[in-house]
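Please treat every number below as a calculation from the coordinates, not as lab data. What you are looking at is a predicted structure, and each value in this text was computed from that prediction instead of being measured. FYI the Cβ positions are ideal-geometry reconstructions off the backbone, even for glycines, and counts take in every protein chain you see.
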Amino acid sequence: MDPYVAVVRCQYGERRGETVDKPKVVLGVSGGIAAYKACELLRRLTESGHDVRVVPTASALHFVGAATWSALSGKPVSTEVWDDVHEVPHVRIGQHADLVVVAPATADTLAKAAHGLADDLLTNTLLTARCPVVFAPAMHTEMWEHPATQENVQTLRRRGAIVIEPAVGRLTGVDTGKGRLPEPAEIFEVCRRVLARGVTEPDLKGRHVVVSAGGTREPLDPVRFLGNRSSGKQGYALARTAAARGARVTLVAANTGMPDPAGVDVVPVGTAVQLREAVLKAAADADAVVMAAAVADFRPQTYATGKIKKKDGQDPEPIVLVRNPDILAEISAERARPGQVIVGFAAETDDVLANGRTKLRRKGCDLLVVNEVGERKTFGSEENEAVVLGADGSETPVPHGPKEFLAETVWDLVAQRLT
Ligand SMILES: Cc1cc2nc3c(=O)[nH]c(=O)nc-3n(C[C@H](O)[C@H](O)[C@H](O)COP(=O)(O)O)c2cc1C
């Protein structure tokens, strides 16, 4: 069984004194063109062991019919409070939910939720739910950027809802821009993160966090570079988990080639110098910066504008390297805001803890995640194992497990320091 489903089941079963109890998810679907994508989200939720009740709006049924929602969820579907009144669905559905996710959330539904309107089953459910609520907005860029929508989003976030930032890409018709529904797989990740934590109030709500991920590449000529083996998976896990805990996340991604996590602002970069620039800019108003990217210590002194060719009978020219800026030390020494929490990562091959402690002191950061590089560990793997060293002398071992577990521990430690 998927480890997260096991965690979620165990957690919810224990809470209610039962051995296994499927988490109850309400999937609200409002009337946007992306409503069809909610079918995939529904499938992912049901197939991973969640008990899903779909509550579409009347407009949503113009896009995907009630028969589809009913067949895929195995439950009755209605849009109004007047069906099955003896079961008081306008109150019960929200009261019994462990999570409400609205995907897609139209500008109209966001406005109704922000203002507490209750003129259909979904808006009633949103008022009666006391569990975490996730909105995945999707609309044209103009609608998203309108001050009315932005204020409604701020209101919902202030009250504790998780509003995932829309993705950038193709919209209805030929338009492109911000407003696209994030991929169902990404929304699903946010849902299971939120369920696994089982808290109503996201602890990073209102915080801006910056995460760097991947590995920098230092070009030698138009076809070659000096790089490293970092995949970016740990940084992406950090970004996803922070978004699910309510943070506004800027992910500075160096050569990762992975899909953007839902609700995360991704800034693509190539070299260490570009990464520094992007991190410094994003860190200006950040509460925490987590430097998970593997940043090259050196770069070639010169860049050959044409491909370097081998010459018969001649040894190759040596490559002269120069130092790259030490971004972690720099942002730790000159904090952009008082109380900003800075986290570094150190991959070590030997004497892991002793080297980690020395590095923590040298860099001046608050936390250093130290992991041993080796077989099945760290680079490219889905799992990780580490010790998080604190500048206060603390040591938090994180046993071998998915990179999300390590990410959750890092945010636990960051959240403690932020309060
Ligand atoms: C073809 C079409 C596509 C639409 N797509 C969206 C959309 O992606 N996002 C949005 O906010 N509204 C969209 N709308 C407008 C909503 O359907 C309209 O605001 C409706 O009142 C929303 O109702 P609801 O929030 O109760 O579902 C679309 C309308 C049409 C006709």
**Prompt:** Mean separation of Cα pairs under 8 Å and 6+ residues apart, divided by the residue count of the chain: what relative contact order is that in percent?
**Reply:** 11
**Asked** When only Cα pairs under 8 Å and 6 or more residues apart are kept, what is the percent relative contact order across the range 211-316?
**Response** 38
**Anchor Lys309: aspartates and glutamates whose Cα lies under 18 Å away (excluding residues fewer than 8 positions away in-chain)** = Asp221, Glu317
**Prompt:** Which residue, Pro23, Pro182, Pro338, tops the fluctuation ranking in a GNM of the chain built on C-alpha contacts under 10 Å?
**Reply:** Pro338
**Prompt:** Which FRET efficiency, nearest 0.05, do Ala185 and Ala71 yield, Cβ-Cβ r, R0 25 Å?
**Reply:** 0.70
**Message:** As I understand it, the dipole of the range 43-115 uses +1 on the Cβ of Lys and Arg and -1 on the Cβ of Asp and Glu, about the Cα centre. Which of Ser59, Gln95, Ser48 lies farthest toward its positive end?
**Reply:** Ser48
**Asked** Full extension from Leu353 to Gln95: what is 0.36 nm times the residue separation minus their Cα-Cα distance, to one decimal in nm?
**Response** 88.1 nm
**Prompt:** Per q in 0.12, 0.17, 0.20, 0.21 1/Å, what log10 I(q)/I(0) does a Debye calculation on the alpha-carbon atoms of the range 276-419 return?
**Reply:** -0.59, -0.98, -1.23, -1.32
**Complete:** For the pair Val174 and Glu330, the simple spin-label estimate (label points 7 Å beyond Cα toward Cβ) gives in nm 4.3
**Asked** Karplus couplings for the range 162-167 from phi (6.51 cos²θ - 1.76 cosθ + 1.60, θ = phi - 60°), rounded to Hz, Gly and Pro as x?
**Response** 9, 10, 6, 5, x, 8
**Message:** If R₀ is 35 angstrom, what is the calculated FRET efficiency for the pair Ala58 and Arg158, using the beta carbon separation as r and rounding to 0.05?
**Reply:** 0.75
**Complete:** So the FRET efficiency between His86 and Glu47, C-beta based with R0 = 51 Å and rounded to 0.05, is 0.95
**Message:** Please compute the modelled spin-label separation between Arg224 and Tyr303, points set 7 Å along Cα→Cβ, answer in nm with one decimal.
**Reply:** 1.7
**Message:** Could you tell me which residue out of Thr79, Val163, Asn124 lies farthest along the dipole of the chain toward its positive end? Charges go on the beta carbon: Lys and Arg +1, Asp and Glu -1, centred on the Cα centre.
**Reply:** Val163
**Fill in**
To the nearest 20 debye, the chain has a Cα-centred charge dipole, built from +1 on Lys and Arg Cβ and -1 on Asp and Glu Cβ, of 460
**Message:** Nearest 5 percent is fine: what portion of the DSSP beta bridges confined to the chain is antiparallel?
**Reply:** 30
